[in-house]
Amino acid sequence: MTQDTELLDVSEARRRLLEHFSPLDVNFIPVTAAIGHVLAEAIKAPYDLPLFPNSSMDGFAVHSADVAKASVEHPVALHVVGDISAGKVVNRVLQAGESMRIMTGAMVPEGADAVVPVEDTDHYPQENSSIAPHVVRVFRPTDQGGNIRPVGQDVRQGDIVVQAGQFIRPQEAGFLSMLGQTKVPVHRRPRVAVFSSGDELVPVDETLTPGKIHDANSIMLVGLVERCGGEAVYLGIIPDRPEAVENILEKAVLADVDLIVSSAGVSVGALDYIRSTIEKEGKLVFWRVNMRPGKPLAFGYFRDVPFVGLPGNPVSAYVGFEIFLRPVVRKMLGTREQGRPTWRARLLEPIDSDGRESYLRAIVSWQDGEPMCRLTGHQGSGNLRSLVRANALLFVPSGVKYVPSGAQVDVLWLDDW
Ligand code: AMP
Ligand code: MG
């Protein structure tokens, strides 16, 4: 049964939609497979980083007092009593008058309180020599602690180093690995079924016959799902027939997905069967949003599986995904931030709007460091080229019918590749 057929505001529709979703269950997975997942619990450092004092330069470990007066005219000569490469340990306390050759990342020997860079010694430019010299002459002082990375400089044991809700990017994966986290708690990635509907659609690898068009939405929506962290389950294209709609929705249920997303067939056309199928076999929660593009957007359930029917026009489908489904996928993933970053930019041309909340295709560029934006051409929601040219969506609030050139506007930044 239809619960609600009113025309909803964007923020109200998004709020109602998001209420139906929660972060998915938590599993421990190998850190090596965790990139693209969202951390479910804060991680505390089990040990300091650096774990041991180590050299930040290739050079010579010394007592800084020994080289305090070193100069090119009066070099200080030190006995070289050890040679420490990264990963090696020398168990000998450095005495006054002594030095040890040391490589970047190698453990600083006990007794040493500075590392003289090889460039400040007579061992340069033979620093790659496999044999350390017996004596090194130092040309320049190094302060106490100089070129030594002390214990805990980066991280203290017990610090919370990565927060719950953080996307695991390559840098988080590297960092968690440095902290010995073999397995990390992450939310399961949502499985999202995607299909396209329309008698006019043929896959990209099939020949067009009169009246037909190639399907753009399937690949676009699969890509959007994957790019925002979900796992897409592509189900194909269906014709405008009620049995086809039911069959594919059944298939999605069997595929054990967390969300079903379709495009087209939810408007008021004679062959738009998707909405009626949802009403018959599940529940329609709402189906119209007061926005441009993308008004015919349906949300409900097929059996117990959440379903979102996006409009068919490719630009509308894209914008509908950005405004409604990105936050849904992100919420299931467990991220703290669910939307895209919004910026302010100066408008370079006047815009007429129809009073609906609008998301127009725009290009942002910088002039003298100031972000400026203009539209990317014809804003028809079937014209995908306008989106290909865009790097942002320009936001026009509801109730606004005209925005003058020079006004400050909000833009949603789209370019993350
Ligand atoms: P509909 O929502 O079924 O009325 O479709 C609206 C418009 O979007 C029509 O011009 C369709 O041909 C077009 N359309 C629907 N699905 C797709 C698709 N997958 N790829 C490209 N265009 C589509
Ligand atoms: Mg159609």
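The values are calculated or read from the model by the stated rules, or taken from the named source; none is laboratory data. Quantities reported herein were computed from a predicted structural model and do not represent experimental measurements. Virtual Cβ from ideal backbone geometry, glycine too; neighbours counted across all protein chains shown. Quick note on the areas: whole protein, heavy atoms, side chains included, nothing else; ligands and nucleic acids left out. Shrake-Rupley method; radii C 1.70, N 1.55, O 1.52, S 1.80 Å.
Looking only at region 344-357, decide whether some residue is among the small types (Gly, Ala, Ser), surrounded by fewer than 22 Cβ atoms within 10 Å (Cβ to Cβ) and free of Cβ contacts under 8 Å to residues at least 24 places away in the same chain. Before you say what the answer is, go through the steps one by one.
First, the residues of region 344-357 that are among the small types (Gly, Ala, Ser): 345, 353, 355.
Restricting the remaining residues to those that are surrounded by fewer than 22 Cβ atoms within 10 Å (Cβ to Cβ) gives 353, 355.
When the remaining residues are screened for being free of Cβ contacts under 8 Å to residues at least 24 places away in the same chain, the result is none.
No; the residues of region 344-357 include none that is among the small types (Gly, Ala, Ser), surrounded by fewer than 22 Cβ atoms within 10 Å (Cβ to Cβ) and free of Cβ contacts under 8 Å to residues at least 24 places away in the same chain.
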### Query
Are any of the residues in region 201-221 outside any loop (DSSP other than H, G, I, E, B), farther than 30 Å from Asp272 by Cα and not charged (D, E, K, R)?
no
### Message
I'd like the full set of residues that are over 18 Å from Glu370 (Cβ atoms), open to solvent by 50 Å² or more (accessible area, probe 1.4 Å) and part of a loop (DSSP other than H, G, I, E, B), limited to region 398-414.
### Response
Ser398, Gly399, Lys401
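Looking at Leu384, Leu394, Leu360 in this structure, which one is out of contact with any strand residue (DSSP E or B) (no Cβ under 6 Å at 6 or more places or on another chain) and crowded, with 17+ Cβ neighbours inside 10 Å? Quick ask: steps written out before the conclusion?
On the way: Leu394 fails: out of contact with any strand residue (DSSP E or B) (no Cβ under 6 Å at 6 or more places or on another chain); Leu360 fails: out of contact with any strand residue (DSSP E or B) (no Cβ under 6 Å at 6 or more places or on another chain).
Unique residue meeting the criteria: Leu384.
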### Task
Show the residue pairs that are 6+ apart or on different chains and have beta-carbon atoms under 6 Å apart, the first residue being within region 214-235 and on the phi > 0 side of the Ramachandran plot, the second being open to solvent by 40 Å² or more (accessible area, probe 1.4 Å) and not small (Gly, Ala, Ser).
none
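Return the total of residues in region 292-317 being of a type outside the set (S, T, N, Q) and within 15 Å of ligand 1 (Cβ to nearest atom). Outline the logic, then answer.
Initial filter on region 292-317 (of a type outside the set (S, T, N, Q)): 292-312, 314-315, 317.
The next check asks that each one be within 15 Å of ligand 1 (Cβ to nearest atom); those that pass are 292-298, 308-312, 314-315, 317.
Of the residues in that region, 15 qualify.
Give the residue, chosen from Leu387, Leu360, that is among the aliphatic types (A, V, I, L, M), closer than 25 Å to Ser263 by Cα and over 22 Å from the mean Cα position of the chain (by Cα). Full working, then the answer.
Working: Leu387 fails: over 22 Å from the mean Cα position of the chain (by Cα).
Every option except Leu360 fails the conditions.
Of the residues Arg169, Arg189, which single one is touching a Leu at 6+ places or on another chain (Cβ under 9 Å), open to solvent by 50 Å² or more (accessible area, probe 1.4 Å) and of a type in the set (D, E, K, R)? Give the steps one after another, and end with the answer.
Working: Arg169 fails: touching a Leu at 6+ places or on another chain (Cβ under 9 Å).
Going through Arg169, Arg189 in turn, the sole match is Arg189.
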### Query
Picking from Ser381, Ser358, which residue would you name as being outside any loop (DSSP other than H, G, I, E, B) and over 22 Å from Ala252 (Cα atoms)?
Ser358
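Look through Gly294, Gly320, Gly309 and report the one residue that is part of a loop (DSSP other than H, G, I, E, B) and within 26 Å of the chain's Cα centre (by Cα).
Gly294
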### Task
For region 295-343, enumerate the residues that are of a type in the set (S, T, N, Q) and open to solvent by 30 Å² or more (accessible area, probe 1.4 Å).
Asn313, Gln338, Thr342
### Query
How many of the residues making up region 2-60 are within 29 Å of Pro293 (Cα to Cα), surrounded by 14 or more Cβ atoms within 10 Å (Cβ to Cβ) and in contact with a strand residue (DSSP E or B) (Cβ under 8 Å, 6 or more places away or on another chain)?
9
### Query
Residue check, Arg288 against (1) at pLDDT below 95; (2) within 15 Å of ligand 2 (Cβ to nearest atom); (3) closer than 22 Å to Val10 by Cα, all met but one. Which one?
(2)
### strands (runs of 3 or more DSSP E) lying entirely in region 27-121 (those with 3 or more residues that are within 44 Å of the chain's Cα centre (by Cα))
59-62, 114-117
### Task
With the checklist (1) assigned to a strand (DSSP E or B); (2) touching a residue at least 24 places away in the same chain (Cβ under 8 Å); (3) more than 24 Å from Ala13 (Cα to Cα) in hand, flag the one item Phe395 doesn't pass.
(3)
### Query
Among all residue pairs at least 6 apart or on different chains, which show Cβ distances below 7 Å where the first residue, located in region 181-203, is free of Cβ contacts under 8 Å to residues at least 24 places away in the same chain and the second is open to solvent by 20 Å² or more (accessible area, probe 1.4 Å)?
Glu200/Gly211; Glu200/Lys212; Glu200/Ile213
### Residues (away from ligand 2 (no atom under 16 Å from the Cβ) and in a loop (DSSP other than H, G, I, E, B)) located in region 222-260
Cys228, Gly229, Gly230, Ala255, Asp256, Val257, Asp258
### Task
Show the residue pairs that are 6+ apart or on different chains and have beta-carbon atoms under 9 Å apart, the first residue being within region 53-70 and basic (Lys, Arg), the second being modelled with pLDDT of 95 or more.
Lys69/Val76; Lys69/Pro141
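Sort out which residues of region 261-280 are open to solvent by 50 Å² or more (accessible area, probe 1.4 Å) and either more than 9 Å from ligand 2 (Cβ to nearest atom) or part of a helix (DSSP H, G or I) (or both), and write them in order of number. Give the derivation first.
At the first step, the residues of region 261-280 found to be open to solvent by 50 Å² or more (accessible area, probe 1.4 Å) are 268, 270-271, 273, 276, 279-280.
The answer is Val268, Ala270, Tyr273, Ser276, Glu279, Lys280.
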### Message
Is it the case, given these coordinates, that Gly211 is away from ligand 2 (no atom under 16 Å from the Cβ), free of Cβ contacts under 8 Å to residues at least 40 places away in the same chain, over 32 Å from the mean Cα position of the chain (by Cα) and farther than 30 Å from Lys401 by Cβ?
### Response
no
